[in-house]
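For reference, the structure is listed below as structure tokens.
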Amino acid sequence: DSMGTAFNMVARLIATRELRGVDRDFFFIPHSNWDAHNKLEWNLNTNLADLDNAINAFSTEMKTEGLWDSTTIIQASDFGRSLKPNGGGGTDHAWGGNYMMIGGAVSGGKIVGKYPEVLTDDGPEIIERGRIIPTLSWDEIIAPIAEWTGVSHVSVKDVCPNIDNFPETQRIKASDLFVDFTG
């Protein structure tokens, strides 16, 4: 499967970090089979099984290499999906979505941010056909990850130039996402 092959290549590249003279890597693994306008259940079952197998193999390799605690995987999408199904057994493009983080230093098992209390069109974060209005910007999500990788709190604005457009009170802290983060 393509995700397994891509994660395997990332593991091989990470293994060459000393040879390449780097102490930090960032990799992007695209996977485009999530656009489920139809056959949503089949798409999810297939893609999630592939993703699970790929991450399991990758995390096993990182643990074997002693690198799992310094590895973080971020699953993201360029758009969300509507909560209401369409006529083809799938869902349509929407606005707000979700992100998933996995890693040895990730303080997992929780939802960070605001989860909608009402999932009907009557909910304050929901617009027509179950499209969720985002409550966090991408900058607010990536900023604590940047800090975890060593970007100073002051320099985060260089990485996330829109961060000041959002209230500091709603920002996620690196200590909310990562165990033992002292920044």
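The values are calculated or read from the model by the stated rules, or taken from the named source; none is laboratory data. A quick note: this is a predicted structure, and the numbers were derived from the prediction, not measured. Every residue, glycine among them, receives a Cβ derived from its backbone with ideal geometry; neighbour counts consider all protein chains shown. Ligands, DNA and RNA are excluded from the accessible area calculation, which covers all protein heavy atoms including side chains. Shrake-Rupley method; radii C 1.70, N 1.55, O 1.52, S 1.80 Å.
Considering the stretch 5-26, the residues that are part of a loop (DSSP other than H, G, I, E, B) and charged (D, E, K, R) include one that is least open to solvent (accessible area, probe 1.4 Å), namely D25.
If you filter the stretch 50-61 down to residues that are in contact (Cβ under 8 Å) with a residue 24 or more places away in the chain and farther than 15 Å from M101 by Cβ, you find that the one that is least open to solvent (accessible area, probe 1.4 Å) is A54. Within the stretch 127-183, restricting attention to residues that are modelled with pLDDT of 90 or more, over 18 Å from G108 (Cα atoms) and touching a Ser or Thr at 6+ places or on another chain (Cβ under 9 Å), the residue that is surrounded by the fewest Cβ atoms within 10 Å (Cβ to Cβ) is N165. Assess whether S2 counts as being touching a residue at least 24 places away in the same chain (Cβ under 8 Å) and open to solvent by less than 50 Å² (accessible area, probe 1.4 Å). Considered against the rule, which asks whether it is touching a residue at least 24 places away in the same chain (Cβ under 8 Å) and open to solvent by less than 50 Å² (accessible area, probe 1.4 Å), S2 comes out as no.
Candidates in the stretch 89-123 are the residues that are of a type in the set (S, T, Y) and over 30 Å from T64 (Cα atoms); of these, the one that is farthest from the chain's Cα centre (by Cα) is T120. Filtering the stretch 27-49 for residues that are open to solvent by 50 Å² or more (accessible area, probe 1.4 Å) and at positive phi leaves a non-empty set. Residues of the stretch 62-85 that are open to solvent by less than 30 Å² (accessible area, probe 1.4 Å), farther than 30 Å from H37 by Cβ and assigned to a loop (DSSP other than H, G, I, E, B): L67, T71.
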